1. Among the listed residues THR191, THR198, which satisfies the condition of being more than 16 Å from the ligand (Cβ to nearest atom), within 26 Å of the chain's Cα centre (by Cα) and either surrounded by 17 or more Cβ atoms within 10 Å (Cβ to Cβ) or over 19 Å from TYR132 (Cα atoms) (or both)?
2. For THR95, state whether it is closer than 30 Å to ASP60 by Cβ and crowded, with 20+ Cβ neighbours inside 10 Å.
3. Starting from residues that are out of contact with any Asp or Glu (no Cβ under 7 Å at 6 or more places or on another chain) and hydroxyl-bearing (Ser, Thr, Tyr), keep the ones in segment 22-42 and report whichever is surrounded by the most Cβ atoms within 10 Å (Cβ to Cβ).
4. Just the residues that are over 18 Å from the mean Cα position of the chain (by Cα) and open to solvent by less than 50 Å² (accessible area, probe 1.4 Å), please, taken from segment 113-137.
5. Pull up segment 253-273, narrow it to residues that are of a type outside the set (Lys, Arg) and open to solvent by 30 Å² or more (accessible area, probe 1.4 Å), then point me to the one that is farthest from ILE56 (Cα to Cα).
6. Would you check which residues across segment 202-235 are surrounded by 15 or more Cβ atoms within 10 Å (Cβ to Cβ) and either of a type in the set (A, V, I, L, M) or outside any strand (DSSP E or B) (or both) and list them?
7. Kindly check whether there is at least one residue in segment 27-39 that is touching a helix residue (DSSP H, G or I) at 6+ places or on another chain (Cβ under 6 Å), within 12 Å of the ligand (Cβ to nearest atom) and part of a helix (DSSP H, G or I).
8. Considering only residues that are among the hydrophobic types (A, V, I, L, M, F, W, C) and near the ligand (Cβ under 9 Å from one of its atoms), look in segment 281-294 and name the one that is surrounded by the most Cβ atoms within 10 Å (Cβ to Cβ).
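The values are calculated or read from the model by the stated rules, or taken from the named source; none is laboratory data. Note that the coordinates shown come from a computational prediction; the quantities given were computed from them, not determined experimentally. Here the Cβ positions follow ideal geometry from the backbone for every residue, glycine too, while neighbour counts run over all protein chains shown. What goes into the accessible areas is simple: the full protein's heavy atoms, side chains included, and nothing from ligands, DNA or RNA. Shrake-Rupley method; radii C 1.70, N 1.55, O 1.52, S 1.80 Å.
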Amino acid sequence: MSRYDLIIIGAGPAGMTAGIYAVRQKLNTLLITKSFGGQLARKAVAIENYPGFEEISGLDLIKKFEKHLRKQEVDIERDGVRKVKKIGGKFLIQTTAKNTFEAKAVIIASGADPRPLEVPGEKKFIGKGVSYCTACDAPLFSGKEVAVIGGGNSGFEAALFLASWVKKIYILEYAPKIRADEIVREKVKKTGKIEIITSAILKKVQGKDFVDSLVYQDNKTKKFILLKVDGIFVEIGSQPATSFVKGLVDFNEKDEIIVNPKTMQTKTTGLFAAGDVSDVVYKQVVIAAGQGAQAALSVYEYLQKF
Ligand SMILES: Cc1cc2nc3c(=O)[nH]c(=O)nc-3n(C[C@H](O)[C@H](O)[C@H](O)COP(=O)(O)OP(=O)(O)OC[C@H]3O[C@@H](n4cnc5c(N)ncnc54)[C@H](O)[C@@H]3O)c2cc1C
C-alpha cells in the first residue's frame, strides 16, 4: 500500500491549489480525482472575475491550473474515492478501482455535482436529450429547440451560450421572479430567441428514444403545459460531493462540510476540507483556490506536531 503525508481528493481549483502549496511545503502528496477542472469544465461562458485574467474560458483556466500542478512533484491518480476511514491516527482511502492509500492528513476538495431534477424521465434520458453540461453538449443541439431549467445566473449564462447554436430556448424558472443578475438578463433579451417562463414547475421529461417534450405545471393557473423541446439543460444548482466521508465530518443544512474557517479543519483531526464542498458561503473559483492554499498550509502546521 502506498503511504503519503497528504492525500487531496479532487482536482478543481481548491484541490489543484492545495497540491501546488503542499508540494512547496515538501509534503509527500497524492492527488486523487475523478476529473480535472471540476465545475469549471461545465462553465459555458467565459470567466470574468478571476484576477489576472480579464476574460478566460473555464477550460483554458483549468489547463493553466493543471499545467502548474503537474510541474510539481505530486503523484496523481485518476480514480474516484469511495471511502475515507481513520484508523489508529492515519487515514485509509479506498477508491472505486479498489486501490487503498494511506495518509497522515487528507484534504477533501471534491466540490459539488449538478443537482438533479428528480422528475420522471430525467434518468432515462441522460445523454439522450438531458444534459448537465451546456459547455460540453450545446453543439449536439444545433438548430433545435431546447429548455434550460433554472432561472439563476447559471441558467441564464447557459441560455446565452446555447443561443449561438440552437433555434429557440425556453428558460423555466420555478419561482414567480427571475433570480439572474440584471447584466446577464439584458444580454438574454438581446438574443431575441430566449423565452422566459416563470412559476413553471417541471413535472416530467418525455420522448421515445430521445427527449421530445417536457411537461410543467403553471403554478399560477395550476394548468399542465406540454412544451415540445429536443433537449433539456439542467441548471438548478449543485450538491456537495461528500458521500465518502459520512461519519467523519459534520454537515450543515445544505450538506456542506463544516470547517473551522481559520484552518479548514473538519471535526476530525487531520481531515481538512476546502472549496465548494465546505460550508464557505460564496462559491467562487478564487475562494476555492484560496481555501485550498489555506488547507495545505494548515496540513503542514498539523504535520509538524504529528
Ligand atoms: C455553470 C457554472 C458557472 C460558474 N461560473 C463561475 C464564475 O464565473 N466565476 C467563479 O469564480 N466561479 C464560478 N463558478 C463556481 C466555481 O466553478 C466553483 O466555485 C469552483 O469550481 C469550486 O471549486 P472546487 O475545487 O471546490 O470544486 P469543483 O470545481 O467542483 O471540483 C471538484 C473536483 O473533485 C472531483 N471529485 C468529486 N468527487 C470525487 C470523488 N469521490 N473522488 C475523487 N474526485 C472527486 C471532481 O472530479 C472535480 O475534479 C461557476 C460554477 C458553475 C457550475
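1. That would be THR198, the only listed residue that is more than 16 Å from the ligand (Cβ to nearest atom), within 26 Å of the chain's Cα centre (by Cα) and either surrounded by 17 or more Cβ atoms within 10 Å (Cβ to Cβ) or over 19 Å from TYR132 (Cα atoms) (or both).
2. Working: closer than 30 Å to ASP60 by Cβ: yes; crowded, with 20+ Cβ neighbours inside 10 Å: no.
No: the conditions fail for THR95.
3. Filtering first and then ranking leaves THR33.
4. VAL119, GLY121, GLU122, PHE125, GLY129 - these are the residues of segment 113-137 that are over 18 Å from the mean Cα position of the chain (by Cα) and open to solvent by less than 50 Å² (accessible area, probe 1.4 Å).
5. Only one residue tops the list, namely THR269.
6. Matches in segment 202-235: LEU202, VAL205, VAL211, LEU214, VAL215, LEU227, VAL229, ASP230, ILE232, VAL234, GLU235.
7. No, there is no match, as no residue in segment 27-39 is touching a helix residue (DSSP H, G or I) at 6+ places or on another chain (Cβ under 6 Å), within 12 Å of the ligand (Cβ to nearest atom) and part of a helix (DSSP H, G or I).
8. Once the filter is applied, the top-ranked residue is ALA288.
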